[in-house]
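S.K.: Structure provided below as structure tokens; questions to follow.
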Amino acid sequence: MSKLQSKINRFTLLLALFALSLSVSAQLSEKDSRFLSTVRDTLQLSTDQNSRLERVYLDCQKELDKLQNEVDSLEKFEESESLLNLKVNVLNQKKKDVKEQRELDLRAILTVEQKEIYDAKIKPQKPKVLHFGIHDRAKCNVCIK
């Protein structure tokens, strides 16, 4: 009886985690969901790290959605073009700030070893040399140097 109960409890826990992951993916953009999947697969995150990372991304997504709604409402009701541009620029800067904070929060969750892998394979730094074209910085000879 106890083995059966244990299996039922494990199954229930797995089902709950699966449902949670589906609800998280439904709220995040497809780009963010793919990025989180890459981070999980590459860095082998612990359960605690994974849940903290999802929470960071969900919180940031709520803030980004709120800011985007403000931009959309401004574009509908603002009469002055110059004032509209100023307000939209301020909101766009706030969106950039939220994304930068999200990146800092993600790095705070990772261990030193995971940060090294993250910097090398997932999100290499932008090169100091200016060169053009859309490409994968992780595979670019100029970006890697």
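The values are calculated or read from the model by the stated rules, or taken from the named source; none is laboratory data. Since the model is a prediction, treat every value here as computed from it, not as a measurement. Note that we place each Cβ from the backbone using ideal geometry, even for glycine, and neighbour counts take in every protein chain shown.
S.K.: Suppose the filter is β-branched (Val, Ile, Thr) and closer than 26 Å to Lys115 by Cβ; does Val90 pass it?
M.R.: Taking the combined requirement at face value, the residue does not satisfy it.
S.K.: Quickly run through the range 28-63 and pick out the residues that are touching a Phe, Trp or Tyr at 6+ places or on another chain (Cβ under 7 Å) and either on the phi > 0 side of the Ramachandran plot or among the charged types (D, E, K, R) (or both).
M.R.: Within the range 28-63, Asp32 is the sole residue that qualifies.
S.K.: Have a look at Leu83, Leu45 and point out the one that is among the aliphatic types (A, V, I, L, M) and outside any helix (DSSP H, G or I).
M.R.: Just a single option satisfies the conditions, and that option is Leu45.
Condition check ((1) outside the structural domain of Glu63 (by TED's automatic domain parsing); (2) touching a Leu at 6+ places or on another chain (Cβ under 7 Å); (3) assigned to a loop (DSSP other than H, G, I, E, B); (4) at pLDDT 95 or above) across all residues:
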position: Gln93; (1), (2), (3), (4): no, no, no, yes
position: Tyr118; (1), (2), (3), (4): yes, yes, no, no
position: Pro124; (1), (2), (3), (4): yes, no, yes, no
position: Gly133; (1), (2), (3), (4): yes, no, yes, no
position: Arg137; (1), (2), (3), (4): yes, no, yes, no
position: Val142; (1), (2), (3), (4): yes, no, no, no
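S.K.: Looking at (1) under 23 Å from Glu30 (Cβ atoms); (2) touching a residue at least 40 places away in the same chain (Cβ under 8 Å), which is the one condition that is false for Gln114?
M.R.: Here Gln114 meets the rest and fails (1).
S.K.: Taking only pairs six or more apart or across chains, which ones have beta-carbon atoms under 8 Å, a first residue in the range 59-82 that is closer than 28 Å to Ser33 by Cα and modelled with pLDDT of 85 or more, and a second residue that is of a type outside the set (S, T, N, Q) and not in a helix (DSSP H, G or I)?
M.R.: Gln61/Leu28
S.K.: Is at least one residue of the range 55-62 under 29 Å from Cys140 (Cα atoms), in contact with a helix residue (DSSP H, G or I) (Cβ under 9 Å, 6 or more places away or on another chain), part of a helix (DSSP H, G or I) and outside the structural domain of Cys143 (by TED's automatic domain parsing)?
M.R.: Yes, that holds for at least one residue.
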